[in-house]
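Only the coordinates and a few stated rules stand behind these numbers; no lab work does. Quick caveat: nothing in here was measured; it's all calculated off a predicted structure. No Cβ is skipped: glycine too gets one built from the backbone with ideal geometry, and neighbour counts run over all protein chains shown.
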Amino acid sequence: MNDDIADGLTAGVLDGAAERAFTFGGCDALAIALHDATGWPLVAITDHHNVHGGRAGGGSAMHWTVMHPSGRLLDVDGLHDPAELVERYDGYADDGQAAWGISSRADAEEWWNEAGRKVSIGMAATFVDAVLGRAGATGGDDKGNGKWRC
């Protein structure tokens with residue numbers, strides 16, 4: 001694992017170091033951790049030509065999020081309108097146009113592995129409560145099953 005961006009993280013503390021880590025290289029781990037805790041769909045922001053019928057196909061992802069039940073995208077910075085978040089990545093897309101698509105946990109984990117596991121999924125999981133708090137979600141069930149309400 002590449003610990004460069006993870007070095008400054010304090011488990012569960014959503015500070016500037018965490019915001020940088022989960023914005024610049026660790027978004028995949030955070031999205032997987034959020035998905036595991038909530039069951040919300042994983043979303044890849046990728047090149048427009050990699051999205052077919054609302055699903056992200058092969059190719060690289062520029063950013064990973066989850067789809068909040070409201071239809072907005074959730075990442076370390078909170079909830080986003082999908083079109084506005086995707087627009088931020090247009091300049092990085094191969095064809096000049098980014099798009100979002102639903103993806104699988106297997107695809108997200110494959111990307112996490114290929115991208116060098118910059119932040120462990122276990123470390124990312126310690127930030128789930130704080131990130132969900134930014135989205136206005138409240139508690140899991142009393143057995144720790146991660147069933148979140150909005």
### Message
Can you find, within the range 14-31, the residue that is surrounded by the most Cβ atoms within 10 Å (Cβ to Cβ) among those that are more than 10 Å from V119 (Cβ to Cβ) and touching a residue at least 12 places away in the same chain (Cβ under 8 Å)?
### Response
A31
### Summary
Counting only strands (runs of 3 or more DSSP E) wholly inside the range 3-115, the ones holding at least 3 residues that are hydrophobic (A, V, I, L, M, F, W, C) and farther than 24 Å from T126 by Cβ are 98-103
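Quick one: which of A44, A98 is over 26 Å from G16 (Cα atoms) and buried (at least 21 other Cβ atoms within 10 Å of the Cβ)?
After ruling out the rest, the residue left standing is A98.
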### Message
Against the definition (surrounded by fewer than 17 Cβ atoms within 10 Å (Cβ to Cβ), within 15 Å of the chain's Cα centre (by Cα) and touching a residue at least 60 places away in the same chain (Cβ under 8 Å)), how does R105 come out, yes or no?
### Response
yes
### Task
Give R134, R117 a once-over and let me know the one that is of a type in the set (K, R) and within 22 Å of H80 (Cα to Cα).
R134
